[in-house]
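The values are calculated or read from the model by the stated rules, or taken from the named source; none is laboratory data. From a predicted model like this one, the values you see are computed outputs, not experimental measurements. Virtual Cβ from ideal backbone geometry, glycine too; neighbours counted across all protein chains shown.
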Amino acid sequence: MITSEQEKIKITLPDGSKRELPKGSTGLDLAMQISEGLARNVLAAKVNGEIWDATRPITQDATVQLLTWNDAEGKGTFWHSSAHLMAEALEALYPGIKFGIGPAIENGYYYDVDFGDRTFSQEDFKAIEDKMLELARQKNEYVRKPVSKSDAIAYFEDKGDNYKLDLLKKLPDGNITFYSQGNFVDLCRGPHIPNTGFIKAVKLMNVAGAYWLGDVNSKQLTRIYGITFPKQKDLTDYLTLLEEAKKRDHRKLGKELELFAFSEKVGAGLPLWLPKGTMLRERLEQFLRKAQVKAGYSPVVTPHIGSKQLYVTSGHWEKYGKDSFQPIHTPDVDEEFLLKPMNCPHHCEIYKTKPRSYKDLPLRLAEFGTVYRYEQSGELHGLTRVRGFTQDDAHIFCRPDQVKEEFIKVIDLVLYVFKALGFDNYTTQISLRHQTERSKYIGDEAQWEQAEKDIIEAAGQRDLKTVIEYGEAAFYGPKLDFMVKDALGRKWQLGTIQVDYQLPNRFELEYTGADNQKHRPVMIHRAPFGSLERFVAVLIEHCAGNFPLWLSPEQIAVLPISEKYADYAQKVYTSLEEKDIRGFIDNRDEKIGRKIRDAEVSKVPFMLIVGEKEQEEGKVSVRKHGQGDLGSLSLEEFSDFFTKEVNQNMVS
């Protein structure tokens with residue numbers, strides 16, 4: 001019974017409503033107070049921006065969001081708990097094995113395992129899946145237990161588990177927790193779902209090798225990937241989606257459509273753009289360059305390398321040096337360069353090339369700048385994770401009173417890009433500082449607060465569907481990320497806008513104000529595409545290689561029925577090429593049916609068939625990819641039809 005006001009805590013929900021609960025109540029207690037249906041589906045709780053077990057007591061006033069399967073953090077908690085369930089099943093089937101780390105990932109989870117002398121393969125998956133479901137049906141609770149560092153070390157020394165002992169070396173005493181469920185105990189900070197009974201469908205997906213903590217000099221462990229769901233239907237739908245995704249895989253289509261390639265001799269993660277891919281890429285660049293000129297951007301070009309000191313000044317070397325290629329040493333003593341890991345420091349130096357006045361601002365500098373980052377070889381994946389990529393980068397230098405207006409203009413530019421390319425299903429993530437842990441961020445508190453306020457208000461003025469994520473800001477400033485869902489419902493982060501008060505300080509950038517005093521400008525970093533490589537990969541999979549007509553590398557294929565009509569085919573092509581309609585003539589000694597099939601496989605939007613009748617009438621027989629015959633048209637009629645099709649697929 002509640003006997004005094006002090007024994008209650010006030011809980012603020014995401015909609016601003018408030019509830020009172022006894023001190024020590026849990027997220028599940030809160031859910032039960034709202035509805036039993038909600039309580040049955042709660043997986044975790046976000047308490048003051050930090051994800052907790054739904055069963056963890058809350059002892060003071062707090063802002064609480066209840067997380068279900070519909071929330072990304074809810075799925076992450078579910079999959080992290082599933083990794084522990086898989087580990088319990090593995091330990092039951094393979095006594096004495098050792099475990100590395102087992103996090104949730106974008107889709108599912110993995111666990112790194114040392115099987116000792118045992119062998120393991122995908123043939124063992126079924127037995128593990130069955131054991132996991134058996135254990136899940138026991139509905140064992142996930143129990144959190146704080147432990148001292150000495151007790152934790154003693155526990156894993158007794159088990160002979162050097163991997164957990166390695167992890168414990170880096171953990172401070174007083175901040176260590178164990179989690180247990182059933183017969184399994186693990187070093188883990190959590191959080192976890194209430195019990196294993198939530199897990200109803202299990203599928204192990206893959207097995208690979210992984211060096212312990214990414215160190216190639218350490219032992220290679222077995223990494224087992226899996227995914228789980230709260231309903232069997234969800235798993236069935238997911239596996240169907242995977243099959244469709246395989247057909248759309250940008251690596252497969254990129255090879256079939258002759259867009260890009262990789263070469264071991266060139267180096268892992270360094271894509272080679274083939275002629276058709278280069279045409280696609282250049283069309284994207286031209287499209288954005290044109291939009292940027294209209295928006296008042298000035299193009300610049302900077303070198304592919306920079307002095308190491310440039311990145312020491314910017315702070316990037318301290319934060320990201322380990323992810324960069326190692327310094328290039330020249331014959332001169334103490335002279336070091338880096339392959340450019342980002343463009344912003346170069347743009348700061350461009351700003352400093354002459355004195356600036358408040359009347360000169362905003363100054364918008366744009367560059368398609370290629371940057372290089374040393375991604376681990378095991379993390380490379382087609383065009384989505386590479387070591388050399390081109391950013392559609394721009395940096396806006398403005399006065400503090402111009403930040404919100406400029407931010408809104410960048411939002412408009414990003415939405416313009418999305419509309420032109422058919423990305424109409426997106427949300428935005430406002431990434432702010434962690435609410436309590438501020439040590440990793442640099443800069444003045446008041447500037448951070450102003451930057452966060454400007455971003456939130458700018459997003460509100462454009463009625464963006466937003467979620468706020470605390471702790472996801474860059475070390476130098478908050479940002480707005482655009483999360484796009486593709487045709488298969490998969491979420492991708494495309495496009496980002498960041499507000500930065502810190503680099504202008506580090507580079508001592510100045511402008512003379514109306515008061516004739518020196519002031520610091522604010523930087524806005526923005527990249528609507530993000531990385532051209534990643535953007536193209538997502539675009540390929542989104543449209544399954546059927547690019548918008550204006551973007552397609554080859555828009556037409558002129559197909560003469562026989563060599564007798566080669567001259568007319570050339571006349572047709574030349575006439576359309578003059579109107580900036582791109583394509584090719586298929587003069588191979590093949591039957592027309594084969595030519596049509598090959599053009600369909602290559603996803604050419606329009607096939608123009610020419611034979612005796614077409615030559616006599618000065619027309620072409622038109623086929624549209626995936627739709628078939630459209631009839632016979634004169635070249636003028638086809639050109640007009642083509643232009644209308646382009647306009648329907650692109651913002652004018």
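Do we have any residue at all in the range 87-95 that's in the same structural domain as Asp234 (by TED's automatic domain parsing), at pLDDT 90 or above and in a loop (DSSP other than H, G, I, E, B)?
Looking for residues that are in the same structural domain as Asp234 (by TED's automatic domain parsing), at pLDDT 90 or above and in a loop (DSSP other than H, G, I, E, B), one finds at least one in the range 87-95, hence yes.
Identify the residue in the range 322-371 that is in contact with a strand residue (DSSP E or B) (Cβ under 7 Å, 6 or more places away or on another chain) and of a type in the set (Lys, Arg) and, among all such residues, is nearest to Lys404 (Cα to Cα).
If we take residues in the range 322-371 being in contact with a strand residue (DSSP E or B) (Cβ under 7 Å, 6 or more places away or on another chain) and of a type in the set (Lys, Arg), then Arg364 is nearest to Lys404 (Cα to Cα).
Does the range 14-44 hold any residues that are in a strand (DSSP E or B) and without any contact (Cβ under 8 Å) to a residue 24 or more places away in the chain, and which are they?
Lys18, Arg19, Glu20, Pro22
Identify the residue in the range 158-201 that is under 25 Å from Ala72 (Cβ atoms) and among the basic types (Lys, Arg) and, among all such residues, is surrounded by the fewest Cβ atoms within 10 Å (Cβ to Cβ).
Out of the qualifying residues, it is Arg189.
Suppose we filter Ile97, Ile105, Ile9 for residues that are farther than 23 Å from Ile430 by Cβ, of a type in the set (A, V, I, L, M), surrounded by fewer than 21 Cβ atoms within 10 Å (Cβ to Cβ) and within 28 Å of the chain's Cα centre (by Cα); which single one remains?
Numbers: Ile97 fails: within 28 Å of the chain's Cα centre (by Cα); Ile9 fails: within 28 Å of the chain's Cα centre (by Cα).
Within the list Ile97, Ile105, Ile9, the selection yields Ile105.
Among the residues of the range 207-232 satisfying the criterion of being touching a strand residue (DSSP E or B) at 6+ places or on another chain (Cβ under 8 Å) and assigned to a helix (DSSP H, G or I), which is surrounded by the fewest Cβ atoms within 10 Å (Cβ to Cβ)?
Gln232
Hey, could you check the range 233-258 for residues that are part of a loop (DSSP other than H, G, I, E, B) and over 20 Å from the mean Cα position of the chain (by Cα) and say which is surrounded by the fewest Cβ atoms within 10 Å (Cβ to Cβ)? Spell out the reasoning first.
Kept after step one, since they are part of a loop (DSSP other than H, G, I, E, B), are these residues of the range 233-258: 249, 257-258.
Filter again for over 20 Å from the mean Cα position of the chain (by Cα), leaving 257-258.
On the way: Leu257: 22, Glu258: 14.
Among those that are part of a loop (DSSP other than H, G, I, E, B) and over 20 Å from the mean Cα position of the chain (by Cα), it is Glu258.
Of all strands (runs of 3 or more DSSP E) completely enclosed by the range 272-386, which ones contain at least 1 residues that are of a type in the set (Val, Ile, Thr)?
The qualifying strands (runs of 3 or more DSSP E) are 305-307, 363-372.
With out of contact with any Ser or Thr (no Cβ under 7 Å at 6 or more places or on another chain), more than 25 Å from Tyr179 (Cα to Cα) and not assigned by TED's automatic domain parsing to the domain that holds Trp79 as the only criterion, which of Gly37, Gly49, Gly27 stands out?
Gly37
Which condition does Thr63 not pass, out of (1) touching an Asp or Glu at 6+ places or on another chain (Cβ under 9 Å); (2) within 22 Å of Gln435 (Cβ to Cβ); (3) not acidic (Asp, Glu), if it passes all the others?
The one condition Thr63 does not meet is (1).
Per-residue answers, yes or no, for (1) within 21 Å of the chain's Cα centre (by Cα); (2) aliphatic (A, V, I, L, M):
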residue	(1), (2)
Phe262	no, no
Leu270	yes, yes
Leu280	no, yes
Lys294	no, no
Tyr297	no, no
Gln309	no, no
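Taking the range 165-181 as the region of interest, how many residues are within 17 Å of Thr55 (Cα to Cα) and of a type in the set (Gly, Ala, Ser)?
Number satisfying all stated conditions: 1.
Tally up the residues in the range 112-133 that are part of a helix (DSSP H, G or I), surrounded by fewer than 18 Cβ atoms within 10 Å (Cβ to Cβ) and in contact (Cβ under 8 Å) with a residue 40 or more places away in the chain, please.
2
Take the conditions closer than 30 Å to Ala261 by Cβ, surrounded by fewer than 18 Cβ atoms within 10 Å (Cβ to Cβ), modelled with pLDDT under 95 and not aromatic (Phe, Trp, Tyr) and apply them to Glu457. Does it pass?
no
Only one of Leu310, Leu365 is buried (at least 20 other Cβ atoms within 10 Å of the Cβ), modelled with pLDDT of 90 or more and not charged (D, E, K, R). Can you tell me which?
Just one listed residue meets the conditions, Leu365.
Quick check on my filter: what residues within the range 141-157 are surrounded by fewer than 13 Cβ atoms within 10 Å (Cβ to Cβ) and touching a residue at least 24 places away in the same chain (Cβ under 8 Å)?
Lys145, Pro146, Ser148, listed by residue number.
Return the pairs, sorted by first residue and then second, in which the second residue is assigned to a helix (DSSP H, G or I), the first residue lies in the range 74-85 and is in the same structural domain as Arg189 (by TED's automatic domain parsing), the beta carbons are less than 7 Å apart, and the residues are 6+ apart or on different chains.
Phe78/Phe198; Leu85/Met132; Leu85/Leu135; Leu85/Ala136; Leu85/Thr196
Among the residues of the range 372-385, how many are of a type outside the set (D, E, K, R) and either in the same structural domain as Lys491 (by TED's automatic domain parsing) or farther than 15 Å from Ser263 by Cα (or both)?
If we filter the range 372-385 for residues that are of a type outside the set (D, E, K, R), which is where we start, we get 372, 374, 376-378, 380-384.
Filter once more, keeping what is either in the same structural domain as Lys491 (by TED's automatic domain parsing) or farther than 15 Å from Ser263 by Cα (or both): 372, 374, 376, 378, 384.
Of the residues in the range 372-385, 5 are of a type outside the set (D, E, K, R) and either in the same structural domain as Lys491 (by TED's automatic domain parsing) or farther than 15 Å from Ser263 by Cα (or both).
Could you look through the range 180-205, keep only residues that are in contact (Cβ under 8 Å) with a residue 60 or more places away in the chain, touching a Phe, Trp or Tyr at 6+ places or on another chain (Cβ under 6 Å) and assigned to a strand (DSSP E or B), and pick out the one that is farthest from Val147 (Cα to Cα)?
It comes out as Met205.
From the list His329, His316, which residue is surrounded by 20 or more Cβ atoms within 10 Å (Cβ to Cβ) and without any contact (Cβ under 8 Å) to a residue 60 or more places away in the chain?
After applying the criteria, what remains is His316.
Given (1) surrounded by fewer than 16 Cβ atoms within 10 Å (Cβ to Cβ); (2) free of Cβ contacts under 8 Å to residues at least 40 places away in the same chain, where does Tyr441 come up short, assuming only one miss?
Condition (1) is where Tyr441 drops out.
For the range 283-298, name all the residues that are within 14 Å of Asp392 (Cβ to Cβ) and surrounded by fewer than 13 Cβ atoms within 10 Å (Cβ to Cβ). Show your work before the answer.
Of the range 283-298, the ones within 14 Å of Asp392 (Cβ to Cβ) are 283-293, 295, 297.
Those that are within 14 Å of Asp392 (Cβ to Cβ) and surrounded by fewer than 13 Cβ atoms within 10 Å (Cβ to Cβ): Gln286, Lys290, Val293.
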